[in-house]
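To start, the structure under review is shown below, and the notes come after it.
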Amino acid sequence: MFAGFDFDVIERSLPYLFREGMVFTVTLTALAMTGGIVFGTGLAMMRLATGVSLAPLVWLAGAYVNLMRALPLVLVIFWFYFLVPWIGGWLIGARQTIQVGAFWSAVITFTMFEAAYYCEIMRAGIQSVSRGQQSAGYALGLNYWRTMGHVVLPQAFRNMLPVLLTQTVILFQDTSLVYVISATDFLGAAAKVANRDHRLVEMYLFAALVYLVVSYVASRTVGRLQARLAVIR
Amino acid sequence: MISIRGLSKWYGAFQVLADCSTEVAKGEVVVVCGPSGSGKSTLIKCVNGLEPFEKGEILVDGISVGSPKTDLPKLRSRVGMVFQHFELFPHMTVTQNLTLAQVKVLGRTPAAAHEKAMALLDRVGLRAHADKFPGNLSGGQQQRVAIARALCMDPIAMLFDEPTSALDPEMINEVLDVMVELAQEGMTMMVVTHEMGFARRVAHRVIFMDEGKIVEDAPKEEFFGTPRSERAQQFLAKILHH
């Protein structure tokens, strides 16, 4: 069946695929995950704020999350790439547009987009911690920020760890969409080699295999981590 | 020490507390009892501002709980609270539970906080469990840790919200023993409980609540001897006959 295929092309291009492509993909995933969880947790806290004076925050965070979740990711990446130089320039008051490379544009886009999804996960996580825990924090004299930081969020994070990591596996796969701004991630690198050497089937098969293996291993790790970090009740 | 004046609270249109007034003097032990839904837990949670209230005034050591100018976290750090469901932090060890607020709120050094925690664990007889997680302790042990955690802050008064209601019967006494000892040392205490044995032993006064009102507020002897209200008589007859 594989007669006529040339699998040597994979071996020859391995250093390029991994040193250029995979490094881009993994770095982008890691940065967007970190930024997305931090930003998303902030959004979740805003969405769960109580009291009349904080109502605008609740509305703002809700609107942001719903907007991001209603747009296709490809569009957001595409638009953001062209808009960031203008917005950035406007923000710092420069006459010219500022230069943002494809990589940083992608990092910012994915962080902002994924934050909407991480927000909903963390919101469920915060709600999974009983109100009594918050009361206990307050009763000891801890203020809102300390109660969240030391009592509620650590538990919310542990409870939601499997879902957070599953979302990160999805993020890892979604980073391949940066092809729309011609960034060279792992899939982009594979595509370049495929087109140069006319070995499309081999390269795309290999790329699929790599994504499969990484995602599978990550999913298995989630299960093990969960067992180790779970809170004893 | 604690004075509650004309306290009223509503959940929407439903009135949970209706014009409640009482005083708790320094060193006094006051037991609050009444049928479920009578507002006794809500009342005690108003005292340290965990529940907001719409009308009336609560003064703790002369500081108004309801005033927007009051530094509530600071006030709460001086009033210990023990909850029905313990509410220990399950992701921290017993020692971490006891030292967190000492370091973050009172600004004690970790070493000083640790020393204080060990002294109080000794006192509730749980020093051997210092490095365990709450989930590995029995209910009675968890509640004793919770009492120790509150005492770590050197509170001027202690609030207990049904501290033994979630416990298996054989564990109730180990918690009550700690509370009795605390009362005998002169701690100012407000205790929501159905443990009438505890009330008889250490309470100075008993408050009986029904439908959000303080129906009876009397010295212990008077309350158990000749309760004035019919409602309190019925309640006592029901819970004392078994």
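The values are calculated or read from the model by the stated rules, or taken from the named source; none is laboratory data. Just so it is clear, the model here is predicted, and its values are computed rather than measured. Cβ atoms come from the backbone with ideal geometry, glycine included; neighbour counts cover every protein chain shown. Accessible surface is based on the protein model in full, side chains and every heavy atom, while ligands, DNA and RNA are left aside. Shrake-Rupley method; radii C 1.70, N 1.55, O 1.52, S 1.80 Å.
Relative to the dominant Cα principal axis of chain B, helix B:139-151 is inclined by about 90°. Once the 1.4 Å probe is applied to the protein heavy atoms, segment A:93-233 comes out at 49 Å² accessible per residue. Straight-distance candidates among the lysines for linking to B:K238, with alpha-carbon spacing under 23 Å and chain neighbours fewer than 8 residues away dropped: B:K40, B:K213, B:K220.
Charge tally around A:G21: other residues with Cβ under 13 Å, Lys/Arg +1 each, Asp/Glu -1 each, net 0. In this structure, the amide hydrogen of B:F160, modeled 1.01 Å from its nitrogen in the peptide plane, lies closer than 5 angstrom to those of B:V82, B:M190, B:V191, B:V192, counting only residues at least 5 positions away or on a different chain.
Converting phi to 3J(HN,Hα) with the Karplus coefficients 6.51, -1.76 and 1.60 and the offset θ = phi - 60°, segment A:110-125 yields 5, 4, 5, 5, 5, 3, 4, 6, 4, 4, 5, 5, 5, 4, 4, x Hz in sequence order, with x at every glycine or proline.
Would you calculate, for chain B, the mean residue ellipticity at 222 nm contributed by helices, counting each DSSP H stretch of 4 or more residues as -39,500 (n - 2.57) and dividing by all residues, to the nearest 500?
Values: 9 runs with 92 residues, N = 242.
Roughly -11000 deg cm²/dmol at 222 nm, from the helical runs in chain B.
Segment B:136-197 and segment B:1-32 have Cα centres lying 21 Å from one another. In segment A:144-162, the residues whose accessible area drops by at least 40 square angstrom when the other protein chains are added to the isolated chain are A:R146, A:H150; the probe is 1.4 Å and only protein heavy atoms count.
Normalising the average separation of contacting C-alpha pairs (under 8 angstrom, six or more residues apart) by the number of residues puts the relative contact order of chain B at 27 percent.
Tell me whether segment A:7-232 comes out rounded, prolate or oblate; compute the Cα gyration tensor, take square roots of the eigenvalues as a ≥ b ≥ c, and use a/c under 1.5 as the rounded threshold.
Working: a/c = 3.02, a/b = 1.52, b/c = 1.98.
Judged from the Cα gyration tensor, segment A:7-232 comes out oblate (a/c at least 1.5, b/c at or above a/b).
Need one number: buried accessible surface between chains B and A, 1.4 Å probe, both sides summed, DNA, RNA and ligands left out, in Å² to 100.
Values: alone 11160 and 13630 Å², together 22920 Å².
Adding both sides of the contact gives about 1900 Å².
Using only Cα atoms, what is the ratio of the radius of gyration of chain B to 2.2 N^0.38 Å? Display every interim value, and only then the final one.
Numbers: Rg = 17.9 Å, N = 242, 2.2 N^0.38 = 17.7 Å.
Output field value: 1.01.
With the cut-off at under 12 Å, measuring from each backbone N in segment A:190-231 to a point 7 Å along the Cα-to-Cβ line of A:F5 picks out A:200-209.
For chain B, report the accessible area per residue in Å² (1.4 Å probe, heavy atoms, rounded to an integer).
On the way: 10240 Å² over 242 residues.
Heavy-atom accessible area per residue stands at 42 Å².
Tell me what chain A gives for mean residue ellipticity at 222 nm when only DSSP H runs of n ≥ 4 count, each as -39,500 (n - 2.57), the sum divided by the residue total, rounded to 500 deg cm²/dmol. Could you put the intermediate results ahead of the total?
On the way: 9 runs with 169 residues, N = 233.
So the calculated ellipticity at 222 nm is -24500 deg cm²/dmol.
Annotation: lysines with alpha-carbon distance below 21 angstrom to B:K116 (same-chain offsets under eight excluded): B:K74, B:K104, B:K132.
Lys and Arg at +1, Asp and Glu at -1: add these up for the other residues within a Cβ distance under 11 Å of A:V151 and post the number.
On the way: positive: A:R146, B:K104; negative: B:E87.
Local charge sum for A:V151: +1.
Over all other residues within a Cβ to Cβ distance under 15 Å of A:Q167, the charged ones net out to -1, with Lys and Arg as +1 and Asp and Glu as -1.
Computed 3J(HN,Hα) for segment A:31-48, one whole-Hz value per residue from the Karplus formula 6.51 cos²θ - 1.76 cosθ + 1.60 where θ = phi - 60°, is 5, 5, 5, 4, x, x, 5, 5, 4, x, 5, x, 4, 4, 5, 5, 5, 9, glycine and proline marked x. When the inverse distances between all different Cα atoms of the protein assembly as shown are averaged and flipped, the Kirkwood radius reads 26.4 angstrom.
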